[in-house]
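Novice: Got a structure for you, written out below as structure tokens; questions coming shortly.
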Amino acid sequence: MTATATVADTEGDLIARREGACGVIRLNRPKAINAVTLEMFRDIDKALDAFEVDPAVSVILLEGAGERGLCAGGDIRALWESSKVKGDLGKILWREEYILNARIKKFAKPYVSFMDGIVMGGGVGLSAHSSHRIVTEKTKLAMPEVGLGFFPDVGGTFLLSRSPGEIGTYFGLTGQTMNGPDAIHARFADAVVPAAKLPELRDALTKVRAGVTAAEVTALIDGFATGATAGPVAAMQAKIDGWFAHDRMQDIVTALHSDGSELAQATLKTLNEKSPRGMVVTLKLLRLARTARTLEECLVREYRAALEVFASDDFREGVRAAVIDKDRNPTWSPPRIEDVTPEMVAPYFADIGADELKFS
């Protein structure tokens, strides 16, 4: 496909250009499953600036280079290195990323995301707030941050709190993976399109008329969709709702303990691998998000918590075990859920004065 106009001239980590009526944003780090850097977030913002005012651009398309996925998340290694030396990358990156997440949610033109393959963390923030979210039979969507001593950010608490029943609580605390239909059931996506049909759909998007409406883009996508809306996790909804309906982690663990089923015990084993402090903070964020009126409200709360996480031993230990040394054996502080005190949790929710996240 030939670009008729170019926003970014070089094929670097992010490619942004117009193809017909489509403003294409391609994450272009396939070897890293398109993990997003601070510069990439800035380049996406610049691309949206250009596409927003270009009358030739009727629709935005977000896609990832390579065969493995849209995006494996943010550049965790860089954040870990900055955290170790008490740097400010977390403060800067998350501020710009969260503001971008909110912009995507409110973007005036239809914004289509191809959520094919792996979609995690920061990749969810770039795609799941868009107006048209397409998954495939290859989609593996997850917010596994509690395994890093963190929590589902990038507006993840907003999204998860709006999943049916306790499905969002389950995915947020376990970090388990959603397939395409389950992503629709959890309200992270809108349509399943076979991966083999994405090139044809992509071509159709480049040919939409000027001023195409969101409803017309939906109708176009529906012509390629399978109609699937629920996967294997949706079938466990009743069980999940019973286990995860509690507002304290200890009560969720007790409910799982008292259920002798193989599924309950497997879920309990998964939780036992996560950061106790991360789970307690996540659960509180999810419960507060239920009464949030806007995505921005959740992002402000997430930013406060993220800065506290960035300074924490649990974050550095979680990333070390999962990404740096890859021994999968983190030593959490504290090691048990019952040892997480209100005094430990309070700083994650405290006002941060001049550093508060603000939206223009």
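The values are calculated or read from the model by the stated rules, or taken from the named source; none is laboratory data. The shown structure was predicted, so the numbers you read here are calculated from the model rather than taken from an experiment. Ideal geometry is used to build each Cβ from the backbone, glycine not excepted, and the neighbour counts take in all protein chains shown. Ligands, DNA and RNA are excluded from the accessible area calculation, which covers all protein heavy atoms including side chains. Shrake-Rupley method; radii C 1.70, N 1.55, O 1.52, S 1.80 Å.
Novice: Go through the stretch 175-186 and give me each residue that's open to solvent by 10 Å² or more (accessible area, probe 1.4 Å) and either without any contact (Cβ under 8 Å) to a residue 60 or more places away in the chain or in a strand (DSSP E or B) (or both).
Specialist: Those that are open to solvent by 10 Å² or more (accessible area, probe 1.4 Å) and either without any contact (Cβ under 8 Å) to a residue 60 or more places away in the chain or in a strand (DSSP E or B) (or both): T177, N179, P181, I184, H185.
Novice: Which condition number does V85 fail, the rest of (1) under 25 Å from D313 (Cβ atoms); (2) in contact with a Gly (Cβ under 6 Å, 6 or more places away or on another chain) being met?
Specialist: (2)
Novice: Of the residues in the stretch 164-218, how many are of a type in the set (K, R) and out of contact with any strand residue (DSSP E or B) (no Cβ under 9 Å at 6 or more places or on another chain)?
Specialist: Result for the stretch 164-218: 3.
Novice: Output the number of residues of the stretch 187-223 satisfying the condition of being touching a residue at least 40 places away in the same chain (Cβ under 8 Å), touching a helix residue (DSSP H, G or I) at 6+ places or on another chain (Cβ under 9 Å) and of a type outside the set (F, W, Y).
Specialist: Residues that pass the stated criteria total 12.
Novice: Looking at L100, L79, can you tell me which residue is in contact with a helix residue (DSSP H, G or I) (Cβ under 8 Å, 6 or more places away or on another chain), at pLDDT 95 or above and not hydroxyl-bearing (S, T, Y)?
Specialist: It is L100.
Novice: Check the stretch 142-162 and report whether any residue there is touching a Lys or Arg at 6+ places or on another chain (Cβ under 6 Å), of a type in the set (S, T, Y) and either part of a helix (DSSP H, G or I) or closer than 19 Å to E52 by Cα (or both).
Specialist: no
Novice: Same structure, new question: I'm checking my understanding of the structure. Among residues of the stretch 298-312 that are in contact (Cβ under 8 Å) with a residue 60 or more places away in the chain and open to solvent by 30 Å² or more (accessible area, probe 1.4 Å), which one is nearest to I240 (Cα to Cα)?
Specialist: Applying the first criterion (in contact (Cβ under 8 Å) with a residue 60 or more places away in the chain) to the stretch 298-312 yields 298-299, 301-303, 305-307, 309-312.
Restricting the remaining residues to those that are open to solvent by 30 Å² or more (accessible area, probe 1.4 Å) gives 301, 307, 311.
Working: R301: 26, L307: 31, A311: 33 Å.
Out of the qualifying residues, it is R301.
Novice: If a residue must be over 30 Å from K105 (Cα atoms), assigned to a helix (DSSP H, G or I) and open to solvent by 50 Å² or more (accessible area, probe 1.4 Å), how many such residues does the stretch 267-297 contain?
Specialist: Residues meeting the conditions: 2.
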